[in-house]
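Structure first, then comments.
The values are calculated or read from the model by the stated rules, or taken from the named source; none is laboratory data. None of the values given here were measured: they were computed from a predicted structure. Positions of Cβ are backbone-derived with ideal geometry, glycine not excepted, and every protein chain shown enters the neighbour counts.
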Amino acid sequence: MYPRVLINLKEIEENARKVVQMAGKRGIEIVGVTKVTLGDPKFAEALKRAGIKILGESRLKNVLRMKKEGIEGPFMLLRLPMMSELIEDVKHFDYIMVSDPRVAQMVEELSKEAGRNVKIIYMIDVGDLREGVWYEKAVEEISQCNPSSISGIGTNFGCYGGIIPTKEKFEMLLSIKEKLEKEHGFNIEIVSGGNTPTLLALESGEIPEGVNQLRIGEAIALGRDITNNRVIDWLSQDTFIVEAEVIEVKEKPSIPVGKRGLDVFGRKVEFVDRGIRRRAICALGEQDIDSRGLIPVDKEVEVLHASSDHIVLDVTEYGDVKVGDVFRFRMTYSCLLKAMTSPFVEKRYEPSI
């Protein structure tokens, strides 16, 4: 059945192993991020086989899914906890990120009540403007916490503001660690220095000693780094492939005819007049994928645009195409996220794709 995602667990495991080995040479632990796969248990198992110990997740339901399949973690909660889920979070996560002294205190108290040793990582914003205390106020705010309750500090890059990790950013984090330890009696064991964009800094030797953890998902899952706009050449991109079936092939003008407004998603689409072109429609749409993140395996195929249930391709240069044919696409992070979340996209595990 189509559409479907083909998942190459062998390539995923090999990507994870390469990342673990590179980071290990610098004394850095890798947290394997599973959230882009909806907490897929087989994906998690591949990370474990590659030597990853901690699995990073943003959603409790995904962790419960993995635990149901026998995967025991340890698990790190990557998103700041919701108060409404905090009791359950403490039961199921071994590491919890916070950005509020009151929440840190509650995690500490609930952890003791549950007889668990949940490690707290206090998030610091060094410029990307997502979660975390602003770096200039970090020492003042974190010092309000019980020093023995905070196991680590962390930061995030790229996901919101597109900020790229630099040596200067890491040194800001390490400076905060030093002040907390020397002036306030903290013992910061973990410095979680970011996510996939940080790999480029790791490759170039820009990560200073003291940063000892990275949280990696996109690079392992896709061999890509969208923040640095690159394909990671030492990793595989043949990890997840989405296949879609052709439901129409017609020759039509390359620009719409008539008075134009916005598309169904409120987008103003720019079309280029290339004359009459051969177009194929596939049964795949924005409800299943992010069309901007579809990368045709066949270079002669061009993704033009998509609505909720249809994707339109230019196949003029491809050759013979008929209804019932299947096209394959690699994906960016946003595209894979939607494909793995959509109940309309079948997931199939393949030895090779």
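If the requirement is being surrounded by fewer than 21 Cβ atoms within 10 Å (Cβ to Cβ), at negative phi and touching a residue at least 40 places away in the same chain (Cβ under 8 Å), which of these qualifies: LYS42, LYS67, LYS61, LYS25?
LYS42
Looking at segment 257-276, is at least one residue out of contact with any helix residue (DSSP H, G or I) (no Cβ under 7 Å at 6 or more places or on another chain) and crowded, with 19+ Cβ neighbours inside 10 Å?
no
What are the residues in segment 1-56 that are more than 20 Å from MET76 (Cβ to Cβ), at pLDDT 95 or above, part of a loop (DSSP other than H, G, I, E, B) and touching a strand residue (DSSP E or B) at 6+ places or on another chain (Cβ under 6 Å), if any?
TYR2, PRO3
Determine if segment 61-82 includes at least one residue that is closer than 27 Å to THR239 by Cα and of a type in the set (Val, Ile, Thr).
Checked segment 61-82: at least one residue is closer than 27 Å to THR239 by Cα and of a type in the set (Val, Ile, Thr).
Output the number of residues of segment 289-309 satisfying the condition of being β-branched (Val, Ile, Thr) and in contact (Cβ under 8 Å) with a residue 40 or more places away in the chain.
Adding up the residues that qualify gives 2.
Scan segment 48-59 for residues that are touching a Phe, Trp or Tyr at 6+ places or on another chain (Cβ under 8 Å) and either more than 21 Å from ASN195 (Cα to Cα) or not acidic (Asp, Glu) (or both) and jot them down.
Passing the criteria: ILE54, LEU55, GLY56.
For segment 203-214, how many residues are closer than 17 Å to VAL126 by Cβ and not in a loop (DSSP other than H, G, I, E, B)?
Residues that pass the stated criteria total 2.
Considering only residues that are surrounded by 13 or more Cβ atoms within 10 Å (Cβ to Cβ) and either in contact with a Phe, Trp or Tyr (Cβ under 9 Å, 6 or more places away or on another chain) or part of a loop (DSSP other than H, G, I, E, B) (or both), which ones fall in segment 221-233?
ALA221, LEU222, GLY223, ARG224, ILE226, THR227, ASN228, ILE232
If you check VAL139, VAL90, VAL107, VAL103, which single one turns out to be outside any loop (DSSP other than H, G, I, E, B) and without any contact (Cβ under 8 Å) to a residue 24 or more places away in the chain?
Within the list VAL139, VAL90, VAL107, VAL103, the selection yields VAL103.
Every residue, every condition in (1) crowded, with 17+ Cβ neighbours inside 10 Å; (2) within 27 Å of the chain's Cα centre (by Cα), yes or no:
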site	(1), (2)
GLY293	yes, yes
TYR318	yes, no
LYS322	no, no
ARG330	yes, yes
LEU336	yes, yes
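Please work out which residue is nearest to the chain's Cα centre (by Cα), limiting yourself to segment 78-93 and to residues that are buried (at least 18 other Cβ atoms within 10 Å of the Cβ) and within 13 Å of ARG116 (Cβ to Cβ).
PHE93
Please give the number of the condition ILE164 fails out of (1) without any contact (Cβ under 8 Å) to a residue 40 or more places away in the chain; (2) under 23 Å from SER334 (Cβ atoms); (3) among the β-branched types (Val, Ile, Thr).
(1)
Given the criteria closer than 23 Å to VAL301 by Cα, out of contact with any Phe, Trp or Tyr (no Cβ under 7 Å at 6 or more places or on another chain) and not polar (S, T, N, Q), does PHE240 qualify?
The answer is yes for PHE240.
Filter segment 237-258 down to residues that are under 30 Å from LYS18 (Cα atoms) and either more than 33 Å from the chain's Cα centre (by Cα) or not in a loop (DSSP other than H, G, I, E, B) (or both), then give me how many there are.
4
Say we look at segment 279-290 and pick out the residues that are surrounded by 17 or more Cβ atoms within 10 Å (Cβ to Cβ) and of a type outside the set (Val, Ile, Thr); which of these is farthest from TYR2 (Cα to Cα)?
By that ranking, first place goes to ARG279.
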